[in-house]
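The values are calculated or read from the model by the stated rules, or taken from the named source; none is laboratory data. Fair warning: this is a prediction, and the values are worked out from it, not measured in the lab. Reconstructed Cβ throughout: ideal geometry from the backbone, glycine too, with neighbour counts over all protein chains shown.
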Ligand SMILES: C[S@@+](CC[C@H](N)C(=O)[O-])C[C@H]1O[C@@H](n2cnc3c(N)ncnc32)[C@H](O)[C@@H]1O
């Protein structure tokens with residue numbers, strides 16, 4: 001994959017992500033993370049890698065009265081997010097170079113975004129910089145592919161579609177920062193302390209395996225990896241068939257595991 005492509009959501013990828021993937025894969029964890037953000041009733045919340053706003057919406061609900069700023073690297077995501085959650089202030093921003101002053105926020109939240117940062121410690125150091133000394137960072141990362149029923153079925157489908165050269169994006173990027181001790185070490189190196197780690201397993205539901213297959217293949221940076229090899233629709237059909245064999249016809253349910261880390265600035 002060309003450099004940087006693994007973190008680019010462009011054009012219709014944002015809508016496909018929001019439509020096919022968010023309700024099944026991201027919303028269950030968004031509700032959980034927003035509940036954690038709300039535990040200390042922060043006044044100003046910054047969200048990093050907010051995508052299309054699934055966590056943003058839940059934070060707005062969970063922390064009424066909070067001033068929520070949602071940011072993402074990719075303008076296509078910001079545009080969908082702004083439409084979805086107009087109550088938040090939306091800005092395009094790279095988490096590695098935040099356009100905010102030191103100590104502006106009471107909480108920084110980032111769901112399933114840190115894996116995409118080319119320099120994790122720099123991203124965490126930026127979060128640390130913009131937090132008040134009394135603030136809190138909350139970040140989540142996926143556990144390995146085998147702990148995620150949908151990602152594991154997707155990987156099997158891609159191996160069937162491309163037996164000689166399956167795309168590696170899902171295993172190496174979203175599921176490639178799956179050691180919570182490594183994440184905690186990076187947080188510590190960036191100036192955080194008081195780190196807690198929770199392993200969270202939740203269920204996701206979708207109307208069909210084909211919905212999930214479409215979401216992963218058309219709504220993530222897996223898409224250019226597929227398009228470099230074959231026709232997108234034909235590949236989605238193979239992946240959907242493989243997933244359907246695992247999950248059966250009709251509505252599907254999968255278990256998914258992630259790590260949620262909380263940390264406070266070292267003073
Ligand atoms: C898997 S999505 C998660 C989005 C959202 N947090 C959610 O839970 O649906 C990963 C997001 O990270 C964003 N991203 C990747 N690199 C980034 C960076 N350096 N700074 C900010 N956002 C980034 C992508 O644009 C994408 O929206």
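A Cβ distance below 6 Å, combined with a sequence gap of six or more or placement on separate chains, defines the contacts here; from region 58-73, residues that are modelled with pLDDT under 95 reach no residue that is in a loop (DSSP other than H, G, I, E, B) and buried (at least 22 other Cβ atoms within 10 Å of the Cβ).
The set of residues from region 93-117 being assigned to a loop (DSSP other than H, G, I, E, B) and near the ligand (Cβ under 7 Å from one of its atoms) comprises 93, 94, 95, 96, 112, 113, 117. Looking across region 44-78 at every residue that is assigned to a loop (DSSP other than H, G, I, E, B) and more than 13 Å from the ligand (Cβ to nearest atom), the one that is nearest to residue 89 (Cα to Cα) is identified as 66.
Candidates 79, 91: the one that is within 17 Å of residue 10 (Cβ to Cβ), surrounded by fewer than 22 Cβ atoms within 10 Å (Cβ to Cβ) and touching a helix residue (DSSP H, G or I) at 6+ places or on another chain (Cβ under 9 Å) is 79. In region 149-176, the residue that is nearest to the ligand (Cβ to nearest atom) out of those that are buried (at least 21 other Cβ atoms within 10 Å of the Cβ) and within 29 Å of residue 264 (Cα to Cα) is 174. Only one entry of 9, 20 meets the criterion of being assigned to a loop (DSSP other than H, G, I, E, B) and either at pLDDT 95 or above or within 13 Å of the ligand (Cβ to nearest atom) (or both), and that entry is 9. Tallying residues that are surrounded by 17 or more Cβ atoms within 10 Å (Cβ to Cβ) and over 16 Å from the mean Cα position of the chain (by Cα) within region 130-146 yields 4.
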